[in-house]
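What follows is a short report on a single structure.
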Amino acid sequence: MTRPRCLASIALVAFLVPLQLNCRKVTPASPNEGVTQELARQRARQIADLRYQLSFEIIPGAERLKGQEQIHLQLNEVADQVTLDFRDVDPQGNLREGAVSRVVVDGQAVNNLRQVNGHLVIPGSYFRVGQNSIEISFETGIASAGRPIIRYQDSDDQSEYIYTLFVPMDASLAFPCFDQPDLKARFTLDLTAPEAWTVVSNSAVERTIAAERSGYRRTYFGETRPLSTYLMAFAAGPLREIANYDTPVPMRIFVRQSKLQRGQEEVPEIARYARDGIRHLTEFFDQPFPFPKFDLLILPGFPYGGMEHAGATFLNEEAMIFPTVPTPSDKLGRAEILLHELSHQWFGNLVTMRWFDDLWLKEGFATYLGNETLASLSDPNNIWKRFYLAKRAAYTLDATKGTTPIYQEVRNLKDAKSAYGAIVYEKAPGLLRYLTFVLGEKAFRDGVRLFLKKHAYGNAEWNDLIQAFEKASGQSLEHWATAWVRQRGMPQIDLDYRCNEQGVIDRFIIKQRNVLGEGNKWPVKTQLLLAYDKATPIIIPTQFSGEQAEVGEVIGKKCPAYVFGNYYDYSYARFLLDTHSQKAMGERLGTISDSFLRTMLWSALWDSVREAEMSPSEYISLAVRLLPTENDEELIRSLLNQSTIAFQRYLSPAQQAVIGPQLEALCYNRMMKSSEQGLRITYFRAFSSIASTPTARHQLKELLAGKIAVPGVTLKSLDRWGIIMSLLAYHDEEAEALLTTERQRDQSDDGRKYSYMAEAARDNAETKRHYFDDYLHNRAVSEDWIAGSLGAFNYWNQSSLTFPYLKLSLDALPQIKRERKIFFALDWLNAFIGGQQSSDALTQVHDFLRSNQLDKDLELKVLEVVDDLERTVRIRSKFISQ
């Protein structure tokens, strides 16, 4: 907080304070909006032994929720004021003060409470050093979007569900609290709700009684172990328990009642991964499951894949109960989400970062250890290949001016949403795998165990983790950690080698350069691959930290057919192929038996496309030639995605007219003839998104009508609506009639959502106007409906129609940041900037950045996303002109 100052004018002071001037009598400065680091540090020094007793009454359909709470806390010192966090938002999403009707401190009513900038400020005179209690009566809002207490209305059976989502600092939008991660507290909760409803929270139910309101029941939950406010949660509604497992820790699984049958079909595999994951992680951490129970709630409309609330993990329904026929890759993706959230019970919940600038401590570890667990339960080569493909999102971000270090300075928790993204979810786990390579698996595991034991049920910082690794390994990591944790960006690793007339290597130098041109260097350890056509490949570990180093172990070895600088993906950098190796791919890429290596080499070629070093049409032609003989589902998905991007963004209309039918024919043929169901589904999804010619659209309509069928695949609701979306986007003459028929056919709760998403693809101005108004002003539309429709609104072939909304979407960024959940702002930018391909659009974004004073976190998000538009313009300029 800002220290109070004496006023210079004695005359003015005479009106404000007693004649005897005393600075401490001046009204303390008001806290800023959000939770600043200064306020958080002051409160962390001041407050200890924190407990919340919360009580809510939930009435179906009500827009407001009444609550009572009692906060017990120990004050180590009494300052001028005690500041709690509690705010509200008006119907337009603007900040307003939270609704409080009664505040009592240690039995004394507070009559001079100040409410300012989303805080409750109580004068320090009400408190004493030692134990204190605060009683507050309050109310908060419930809504489909824009609130941390979320209502979902199931149109299938008219049921209502209420659930919470407080991360990163939205607990204070639900109840008064000290909303910062390092003020952990024990929570006691009671909920009054209709007696037919099931209520679930972090801890187990202790008792229930009949409520005063007829037909309602009051449920009391036991006290939790110490939790940060963002980890407190509850859910209520006609949830159906479909599994209760006697695992090492009690585990229940819940779904909404209209999805009971589908849930029963999917839950056995979900439960198997959860049970096996608990056993593996308990052994890996040498630490029992840290909470008394582990409930899994599969919730409709949940905006993330999952949220790791201690003892009560919330999971996105569509991620767990597939709306399409799943492929093996889809099922592994579901397992990754589940094991990620499970890993959080230790990394994030048992030990929590002290502040959100160390967000990577929880998200990076959860991703890495979730994949490490999955690799122990299935094919490790396939899991680490998937891990690599996911990590490429971080490589993409680290090559932009919008990137950040892993350690992201967050001065105010109101900006913490922007810390989430590829840096913490992909780069951080990638560097943890890299660190395992540097330290060895045993030292890495021992360091993790030391860290968890020392900081159990408390908070920690990244330096605490590094110290644990140093102690476990005996290695100094100061230079490694400073370079990789505190510096932004990444190196590009280049291999400069020469073979003599005798066909042996006589020079081999490994070099690094900063991709962003900012001059920093990194300690690099990697594995070099020298590949031969008729000999065993040679793998050579090497490390260096300067600008370049000679690799002496390679000198004198036979000249390779090609080389690659990051075999098996232990390192972290951009690894392009040298000219000789890139040329070798045209002949050899289809013959490489190692699918992981094959995937990495394809990705290196794609990086060459993005760097405007390889023609996008050349890349697509190579993919079209080799895909018919490729059988690896993960690689096929990647190639189809990259080929689609190259086709839609980088080619001219004339080039598209030539290559489009080739891509369509490939996808249709493999959709009908691939030997494995997962591959047929993969090609069907690609075909649905690229089918733009009259022939391909006719085939889509035949699929929709059931006149042709993908062998062994029954189209589900989302599949059918995806076809409708594509037909609408390409202005097919039958699209509107088919839309009407599909609406009549599918009136389910899911169907309403998918219809909303599909109709955003209509290529007319009125549709775009209506949807954009919904996005900014219609709070009745669920956030997941809006997020799901953004891509359809900005369909790639409608950039002229959506161009007028580019500037409007940028102007709306402060509102988006304030009202929407964590990942929404990035989805928003990717849709509206990503829907453009022209230099005019690029100029408009640059002009916006120059003329607007955005919050720094939002500016970085724009710089991150506009990088792809810059590349698009550069690639089109170079290769279309050729």
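The values are calculated or read from the model by the stated rules, or taken from the named source; none is laboratory data. All values reported here derive from a predicted model rather than from experimental measurement. Every residue, glycine as well, gets a Cβ built from its backbone with ideal geometry; the counts of neighbours run over all protein chains shown. Accessible surface areas use protein heavy atoms only, side chains included; no ligands, DNA or RNA. Shrake-Rupley method; radii C 1.70, N 1.55, O 1.52, S 1.80 Å.
Miscellaneous remarks
- Looking across region 757-780, the residues that are surrounded by fewer than 21 Cβ atoms within 10 Å (Cβ to Cβ), at pLDDT 95 or above and not in a helix (DSSP H, G or I) come down to D763, N764.
- Residue within region 375-397 that is open to solvent by less than 20 Å² (accessible area, probe 1.4 Å), touching a strand residue (DSSP E or B) at 6+ places or on another chain (Cβ under 8 Å) and either of a type in the set (A, V, I, L, M, F, W, C) or under 30 Å from D170 (Cβ atoms) (or both) present: no
- When S800, S881, S809 are screened for being surrounded by fewer than 20 Cβ atoms within 10 Å (Cβ to Cβ), at pLDDT 95 or above and hydroxyl-bearing (S, T, Y), only S800 passes.
- Helices (runs of 4 or more DSSP H) wholly inside region 581-646 containing at least 1 residues that are under 15 Å from F564 (Cα atoms), open to solvent by less than 10 Å² (accessible area, probe 1.4 Å) and in contact with a strand residue (DSSP E or B) (Cβ under 8 Å, 6 or more places away or on another chain): 595-610
- Positions within region 281-294 being charged (D, E, K, R) and part of a helix (DSSP H, G or I), in sequence order: E283
- Counting only residues that are outside any helix (DSSP H, G or I) and crowded, with 16+ Cβ neighbours inside 10 Å, region 839-874 holds 1 of them.
- Hey, Y161 touching a Pro at 6+ places or on another chain (Cβ under 8 Å), outside any loop (DSSP other than H, G, I, E, B) and not basic (K, R) or not: yes
- Of all the listed residues (E318, E283), the sole one being more than 22 Å from G348 (Cα to Cα), acidic (D, E) and open to solvent by 10 Å² or more (accessible area, probe 1.4 Å) is E318.
- Of the residues making up region 543-594, those that are out of contact with any helix residue (DSSP H, G or I) (no Cβ under 9 Å at 6 or more places or on another chain) and hydrophobic (A, V, I, L, M, F, W, C) number 7.
- Looking only at residues of region 484-501 that are out of contact with any Pro (no Cβ under 7 Å at 6 or more places or on another chain) and either among the charged types (D, E, K, R) or at pLDDT below 95 (or both), we find that the one that is most open to solvent (accessible area, probe 1.4 Å) is E501.
- Criterion (among the β-branched types (V, I, T), under 22 Å from A143 (Cβ atoms) and surrounded by fewer than 24 Cβ atoms within 10 Å (Cβ to Cβ)) met by exactly one of T208, T188, T192, T229: T192
- Tally of residues being assigned to a loop (DSSP other than H, G, I, E, B) and touching a Phe, Trp or Tyr at 6+ places or on another chain (Cβ under 8 Å) across region 59-89: 2
- In region 296-387, counting only helices (runs of 4 or more DSSP H) that sit wholly within it, the ones holding 1 or more residues that are at pLDDT 95 or above and more than 30 Å from T714 (Cα to Cα) span 328-344, 360-377.
- Among the residues of region 521-545, those identified as assigned to a loop (DSSP other than H, G, I, E, B), open to solvent by 30 Å² or more (accessible area, probe 1.4 Å) and closer than 16 Å to S571 by Cβ are K521, S545.
So that you can scan it fast, the table gives a plain yes or no per residue for (1) within 28 Å of E461 (Cα to Cα); (2) of a type in the set (S, T, N, Q); (3) under 23 Å from the mean Cα position of the chain (by Cα):
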site	(1), (2), (3)
L113	no, no, no
N117	no, yes, no
I142	no, no, no
G146	no, no, yes
R151	no, no, yes
E160	no, no, no
L183	yes, no, no
T188	yes, yes, no
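- Matching residues, region 651-687, being touching a Gly at 6+ places or on another chain (Cβ under 9 Å) and open to solvent by 60 Å² or more (accessible area, probe 1.4 Å): Q677, R685
- Among the residues of region 246-280, those identified as open to solvent by 60 Å² or more (accessible area, probe 1.4 Å) and assigned to a strand (DSSP E or B) are D246, P250, R252.
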